[in-house]
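The values are calculated or read from the model by the stated rules, or taken from the named source; none is laboratory data. Every value quoted in this text rests on a predicted model; they were computed, and no experiment measured them. Every residue, glycine as well, gets a Cβ built from its backbone with ideal geometry; the counts of neighbours run over all protein chains shown.
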Amino acid sequence: METEPLKRFLLREGATLVGVGDVTPALSAEISHLNRGIAIAVNRSLGAETVELLSGLQDLASGWLKVRGFRSLLIPPDSDRRKAKYITKLYKLFCHKTAATCSGLGWIGKNGLLINRQYGSKLSWATVLTNAPFVPDEPTSESECGTCELCVTHCPSQALEGHLWSVRDPLRVLVQYDKCRALKSRRTALDERPNCGFCITVCPYSRKSSRRKSIRQ
Ligand code: B12
Ligand code: SF4
Ligand code: SF4
């Protein structure tokens, strides 16, 4: 089954990137029948409006699949924010960066984030898992960070280990999340903006995308 019609539809509705990957190696037994991951990205940071946009795109994808007789499971974009709700359990089932590498939309950088060649890590993601028999896109298997260490040296909490990601060891620890989290909670306590995000802004791929945006404006 071709992916182009669904991709064109979602891009028309406001997605920046759409990919479809074979996510079989990342699925637990209870969802192993939903082995295609539709990775949807928008070129904006993850605020309330972005969550609304991504959720809307997921609903559109789900409706598109339903009328063709296929199932879908929507992994929410904002899963960390709605604590203690059923929805928070879903992100533990599947993470967006996996769908993105399986769809060839980028690699996992030394900052632990998905890096897309065109947009860097300035994208926010959502995933739709489905049993539709799509022909998957070519997956990404290796990091393209090379010898760059900018995010590692600029992280204020020294949370980044500096390892190169590879699909041969896809869950190797790249980020000490307790350090990253601790910085966020210190900032909240001091009434500053809780999000740090230096590892995004310092990345040459993300900077390239900001430059392009400001030239267009
Ligand atoms: C919990 C969470 C956090 C927690 C802890 C993160 C963690 N991993 O434990 C905290 C609060 C620290 C956090 C911080 C941030 N987060 Co956060 N977070 C999440 C959330 C809700 C779940 C992540 C999770 O627990 N995944 C489980 C672990 C096991 O997987 P993972 O580390 O996410 O990804 C691994 C796999 O994908 C694997 N992988 C990749 N390809 C493949 C292929 C195969 C076959 C397999 C098996 C595996 C595999 O490699 C990845 C790296 O190890 C996701 C949303 C989501 N549902 O994915 C957002 C998300 C990861 N966060 C995001 C962002 C933007 C941030 C911050 C920049 C926020 C900020 N401004 O401070 C920081 C960045 C810190 C950093 N350098 O990573 C974005 C990332 C966007 C991007 N371009 O990658 C996401 C995807 C939210 C979104 N909807 O867009 N986050
Ligand atoms: S968000 Fe800030 S503290 Fe967390 S890994 Fe990135 S640069 Fe480090
Ligand atoms: S700053 Fe450099 S090392 Fe870090 S994610 Fe970007 S390209 Fe990779």
Point to revise | helices (runs of 4 or more DSSP H) wholly inside region 16-119 containing at least 1 residues that are at pLDDT 95 or above and hydrophobic (A, V, I, L, M, F, W, C) | key: 48-67, 96-102
Point to revise | Single residue of 114, 171, 129 found to be surrounded by fewer than 15 Cβ atoms within 10 Å (Cβ to Cβ), of a type outside the set (Phe, Trp, Tyr) and within 17 Å of the chain's Cα centre (by Cα) | key: 171
Review point. Out of (1) without any contact (Cβ under 8 Å) to a residue 40 or more places away in the chain; (2) surrounded by 19 or more Cβ atoms within 10 Å (Cβ to Cβ), what's the single condition that is false for residue 58?
Key: (1)
